[in-house]
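Data first, discussion second: the structure below is written as structure tokens.
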Amino acid sequence: MTSAASEISSPVGVIAGGGAMPFAVADSLQKRGIAPVLFALRGACDPVGVARFRHHWISVGQLGRAIKLFRSEGCRDLIFIGTLLRPALSEIRLDLGTVRRIGHIMSAFRGGDDHLLSGIGRIFEQDGFRMVGIREVAPDILMPEGAIARATPDPAATADIEKGRQVLRALGPFDIGQAVVVIDGHVVAVEDIEGTDGLLARVARLRGEGRIRAKAGRGVLVKAPKSSQDLRFDLPTVGPKTIEGVAGAGLAGIAVIAGHTIAAESQAMIVAADRAGIFIQGLPA
């Protein structure tokens, strides 16, 4: 456990986007005796899932309201978690607290997703809060090192994994994406704005069009944080849907960085991988 993890104060404010991860984090906190308070983002967070927890609804752009709610709930530590479609500045509903910080917000928008999240995090920290990450609040949902499914990578897949890591290291400073598909040493596709699901769907389409000639069951999806990424925000995530996409793309497996990747619904993911004969490998950082 990191020193930051041992200093986590209760309650923890969970700024909750879409998907199941905000609730997995909240459950993990509760198991450790730490109270979560969810600040659910309108249009993203699941209203059914959030109802299990103490929560407030906020809109993107309501920084002033959010900061008042954080303080009223006694949340010193905050975490961003869940999916959120990047809004345009023109789409943000500004409150007075946001207007007062508009210069910092515009600066945060001038870059990729990691730059944006880090910039918003700095705004909260300037108001006295502390931004923390999954490693501090819910380390039990991170990918361990080694194989977690029955299948394991063969020498060809191992070579593809290393090639994928090299590609992601080279792309990291440009804040582009966190995933790449490598088949028999060939870089087939790199993640862009459409995300990992879109990347895998693209590979499946290319295979269906005959653009990828390698037989099914070869190639690897490699995911890793960007080299300059603030690891408190937007860690790579894999889950059952990733397995579905990998199977549809005809790949042999998935390789991710252990301790720096969220394993969502891990048991369901392992069951799906074993059923499809796909490996899931946690790589040393």
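The values are calculated or read from the model by the stated rules, or taken from the named source; none is laboratory data. Please read these numbers as outputs of a predicted model, since none were measured by experiment. Heads up, the Cβs are rebuilt from the backbone with ideal geometry, glycines too, and the neighbour counts pull from every protein chain shown. Accessible surface is based on the protein model in full, side chains and every heavy atom, while ligands, DNA and RNA are left aside. Shrake-Rupley method; radii C 1.70, N 1.55, O 1.52, S 1.80 Å.
Please go through the stretch 124-154 and give me each residue that is over 18 Å from residue 74 (Cα atoms) and in a helix (DSSP H, G or I), ordered by number. Before the answer, list the steps.
Filtering the stretch 124-154 for residues over 18 Å from residue 74 (Cα atoms) gives 133-136, 138-154.
Correct list: 134, 135, 136, 139, 140, 141.
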Practice task
Please enumerate the residues belonging to the stretch 243-264 that are farther than 15 Å from residue 160 by Cα, open to solvent by 10 Å² or more (accessible area, probe 1.4 Å) and either of a type in the set (Asp, Glu) or part of a loop (DSSP other than H, G, I, E, B) (or both).
Solution key: 244, 258, 259, 260, 264
Fill in the blank from the handout: Scanning the stretch 162-190 for residues that are farther than 20 Å from residue 229 by Cα and either open to solvent by less than 40 Å² (accessible area, probe 1.4 Å) or more than 24 Å from the chain's Cα centre (by Cα) (or both) gives 181, 182, 183, 184, 185, 186, 189
Exercise for the section: Would you confirm whether any residue within the stretch 248-267 is at pLDDT 95 or above and acidic (Asp, Glu)? Expected result: no
Problem - strands (runs of 3 or more DSSP E) contained in the stretch 166-232 and holding at least 3 residues in contact (Cβ under 8 Å) with a residue 40 or more places away in the chain and not polar (S, T, N, Q) - result: 179-183, 220-223
Exercise for the section: Report whether or not residue 95 is at pLDDT below 95 and surrounded by fewer than 19 Cβ atoms within 10 Å (Cβ to Cβ). Expected result: yes
Practice task
For residue 207, state whether it is more than 20 Å from residue 81 (Cα to Cα), touching a Gly at 6+ places or on another chain (Cβ under 6 Å), of a type in the set (Lys, Arg) and surrounded by 20 or more Cβ atoms within 10 Å (Cβ to Cβ).
Solution key: yes
Problem - the stretch 218-230 - residue that is surrounded by 16 or more Cβ atoms within 10 Å (Cβ to Cβ) and modelled with pLDDT under 95 and, of those, nearest to residue 15 (Cα to Cα) - result: 230
Exercise for the section: Give the residue that is most open to solvent (accessible area, probe 1.4 Å), with candidates limited to residues of the stretch 112-161 that are over 17 Å from residue 223 (Cβ atoms) and hydroxyl-bearing (Ser, Thr, Tyr). Expected result: 152
